[in-house]
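No value in this document is a laboratory result; all are computed from the given coordinates. No experiment lies behind these values; they were computed from the predicted model shown. Don't worry about glycine lacking a Cβ; one is built from the backbone with ideal geometry, like all the others, and counts go over all protein chains shown.
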Amino acid sequence: MTRAAATLAAVVTGVFLLTASLPQDAAQVLAGRQADPARLAQLRAELGLDRPLWERFGSWLAGLLHGDLGRSLVDGRPVGPLVLDRLGASALIVLPAWVLAVLLGVLVALVSARRAAASAAVAAFAAVPEVVLVSGLVLVFATGLGRLPAVSLLPVGGSAWDAPEVLVLPILALALPSAAWLARSVRGPVADIVGRPFVLDAHLRGVPPARVVVAHVLPHVAGPVAQAAAILAGALLAGTTVVESLLAYPGVGQLLATAVATRDVPVVQAVALVDAVVALAAVLTADRVSKAGAR
């Protein structure tokens, strides 16, 4: 717990320093490029951006200790409820994507365990940039087949439950590369178990392949799979920015991209902090799973 607390403190400090070092600030964005120095100085004073860095850090840290993430510099709204609302929207695509990635990743690892060509194909797919993948999914399912909307806009005044089809492309865009990463991560342990004598003996005795996998392979790779799945859980939330921005899905990733563009530092800090906490929790969970599997 001490190491986790120290890591979290370092993350909090790093998040603040990195966001404070962004070029320009919210005052310059709000005032525009042609704003005179007096107007900029007035805006910075109103937003509290003229205070020393250490003073702003102290105020932000004091707010964090009381559960206050501050207010948006752009519209003045409380950051906490804003991030929480977008986090709920992101959960609707991250959780299904995580489940799909784990199941598909394990299946691909089983198929490619003894096939070098399949392993190379998985590695190549994992390296495809998200922009290319999202564009390809839109071309196939939206433009070509016309089965899904090209953008994942939610109904005005409604939620994703009113139009569940808007969730499909974001889920696929997150799940497919994640499945390829997980398959590469667990392929080694899977290949090792598949080549063990007790597995080969089960095949020779005529045991159905599906039963061999369930009874003899999966129990022995549960540790590595659980560890990779825990790490993937943290990585998926942090990786929503590109997918949500490209598909116009109103999640926490799109919120982060917009906040960076407008230099809305409190929002950037809050989203980065939430992502860091989730990733840290995932890493700690993976560490515990790894230690439990080694016993």
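Using θ = phi - 60° and the Karplus relation 6.51 cos²θ - 1.76 cosθ + 1.60, list the HN-Hα couplings for the stretch 269-274 in order, rounded to whole Hz, with x at every Gly or Pro.
Values, residue by residue: 4, 5, 5, 4, 5, 4 Hz.
Give me the dipole magnitude in Debye, nearest 20, for the stretch 37-149 about the Cα centre, with unit charges on the beta carbon: positive for Lys and Arg, negative for Asp and Glu.
Working: 10 positive and 7 negative charges, 58 e Å.
Roughly 280 debye for the stretch 37-149.
How long is the gain from Thr7 to Asp201 if the chain were fully straight, where each residue apart is worth 0.36 nm and the alpha carbon distance is subtracted? Mind showing how you got there, number by number?
Numbers: separation 194, 0.36 × 194 = 69.84 nm, distance 4.73 nm.
Extra length available between Thr7 and Asp201 comes to 65.1 nm.
Relative to the present Cα-Cα distance, how much length would full extension add between Gln42 and Ala222 at 0.36 nm per residue of separation?
Values: separation 180, 0.36 × 180 = 64.80 nm, distance 5.91 nm.
Between Gln42 and Ala222, full extension yields 58.9 nm more.
I need the calculated FRET efficiency for the pair Ala261 and Leu107, taking r as the beta carbon distance and R₀ as 45 Å, to the nearest 0.05. If you can, show how the numbers build up before the last one.
Working: r = 39 Å, r/R0 = 0.87.
That pair, Ala261 with Leu107, gives E of 0.70.
If you add up the charges near Gly239, with Lys and Arg at +1 and Asp and Glu at -1, over every other residue whose beta carbon is less than 13 angstrom from its beta carbon, what do you get?
Numbers: positive: none; negative: Glu130, Glu244, Asp275.
Result for the local shell: -3.
With each label point set 7 Å from Cα along the Cα-Cβ vector, what nm distance links Ser59 and Leu17?
2.2
Which one, Gln24, Thr241, Val140, projects farthest toward the positive side of the charge dipole computed for the chain from Cβ point charges (K/R +1, D/E -1)?
The Cα lying farthest towards the positive end belongs to Val140.
So for the chain, Kirkwood radius off the Cα pairs, Stokes-Einstein at 20 °C and 1.002 mPa s: how many µm² s⁻¹?
Numbers: Rh = 21.8 Å.
Using the Kirkwood radius from Cα pairs, D works out to 99 µm²/s.
Starting from the Cα coordinates of the stretch 178-271, work out the convex hull volume and express it per residue in Å³. Mind showing how you got there, number by number?
Numbers: hull volume 10.7 nm³, N = 94.
Per residue, the Cα convex hull of the stretch 178-271 comes to 114 Å³.
With springs connecting C-alpha atoms under 10 Å apart, model the chain as a Gaussian network and identify which of Leu247, Leu61, Leu174 has the largest mean-square fluctuation.
Leu61
Would you mind checking the radius of gyration and Dmax of the stretch 39-113 based on alpha-carbon positions, in Å?
Values for the stretch 39-113 (Cα only, Rg and Dmax): 20.9, 64 Å.
Short version: ³J(HN,Hα) in whole Hz for each residue of the stretch 13-19, in order, from phi by Karplus 6.51 cos²θ - 1.76 cosθ + 1.60 (θ = phi - 60°), x for Gly and Pro, what are they?
Computed from phi, the couplings for the stretch 13-19 are 5, x, 4, 5, 5, 5, 5 Hz.
If the elastic network links every pair of Cα atoms under 10 Å, which of Gly223, Gly88, Gly206 fluctuates the most in the Gaussian network model of the chain?
Gly206
Taking 22 Å as R0, compute the FRET efficiency from the Cβ-Cβ separation of Val29 and Asp68 and round it to 0.05.
On the way: r = 23 Å, r/R0 = 1.07.
About 0.40, to the nearest 0.05.
Let's test the formula: R0 of 45 Å, r as the Cβ-Cβ distance of Asp162 and Val277. What FRET efficiency results, to the nearest 0.05? Provide the component values of the computation, followed by the final result.
On the way: r = 30 Å, r/R0 = 0.68.
After rounding to 0.05, the efficiency reads 0.90.
Nearest 10 degrees, 0 to 90: what angle lies between the long axis of helix 168-194 and the longest principal axis of the chain (Cα atoms)?
40
Please list, in chain and number order, the residues 5+ apart from Arg71 or on another chain whose amide H is under 5 Å from its amide H, with Hs placed from the backbone.
Residues meeting the amide H criterion: Val79.
Can you check what the net charge comes to around Leu218, using other residues whose Cβ is under 15 Å from the Cβ of Leu218 (Lys, Arg +1; Asp, Glu -1)?
Values: positive: Arg187, Arg196, Arg211; negative: Asp192.
Neighbourhood net charge equals +2.
Apply the Kirkwood formula to the stretch 2-65: the hydrodynamic radius equals the inverse of the mean of 1/r over all pairs of different alpha-carbon atoms; give it in Å with one decimal.
Values: mean 1/r = 0.0746 Å⁻¹.
That comes to 13.4 Å for the stretch 2-65.
Farthest toward the dipole's positive end in the stretch 59-218, which of Phe198, Ser178, Ile93, given Cβ charges of +1 (Lys, Arg) and -1 (Asp, Glu) about the Cα centre?
Phe198
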